[in-house]
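Laboratory data are not the source of any read-out in this text; all were calculated from the coordinates shown. Because the structure is predicted, anything quoted here is derived from the model rather than measured. Cβ sites come from the backbone with ideal geometry, for glycine too, and all protein chains shown count toward neighbours.
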Amino acid sequence: MPDRPVRDYLARDVLLQASPEASAREAAIGMAAHQCGAVLVCREDTLIGIFTERDLVTRVVALGRELDTPLLEVMTANPDTIEAAAPIGDAVRQMQACGYRHLPVVENERVLGLLALRDLPVAEFAAARAEPKVAETLAEHSR
């Protein structure tokens, strides 16, 4: 299983995107409505950032910022991405090494989707004897 391409694990039909001028409140409402933990921030068709639940907590709420703060001011700019054709094992290692729960998936510089840690098949990786630390991290985050 760790050799299957990342594109096979994209679980959502609708990609949640927002403009950099959208507010943190609008992003939070979108995340709640779509039951997801991140919004891709795009200018036209170009990915310029990602805004996650973690960003909402650490960059908005914890700092006492207004919920109407534009995403451009509180997003993670120029996020790491992974190619859709890359093996899923590479994505898991990247997410584990960097502490990501969400990783934008691109193909030819175009955003295809968002890989979420909760969408990964933990049991398949354990059965395939994925690296012990990766399997352990996946199991912890899937609870």
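The slack between ARG12 and ALA77, meaning 0.36 nm per residue of separation minus the straight C-alpha distance, is 21.1 nm. The length gained by stretching the chain between ASP90 and THR69 to full extension, at 0.36 nm per residue less their Cα-Cα distance, is 4.1 nm. If r is the Cβ-Cβ distance from ALA33 to ARG118 and R0 is 25 Å, what FRET efficiency results, to the nearest 0.05? FRET efficiency, ALA33 to ARG118: 0.90.
Stretching the chain fully between ARG4 and VAL106 yields a gain of 35.1 nm (0.36 nm per residue, less the alpha carbon separation). To the nearest 0.05, how large is the calculated FRET efficiency for ARG54 and SER19 if R₀ is 25 Å and r is the Cβ-Cβ distance? Between ARG54 and SER19 the formula returns 0.75.
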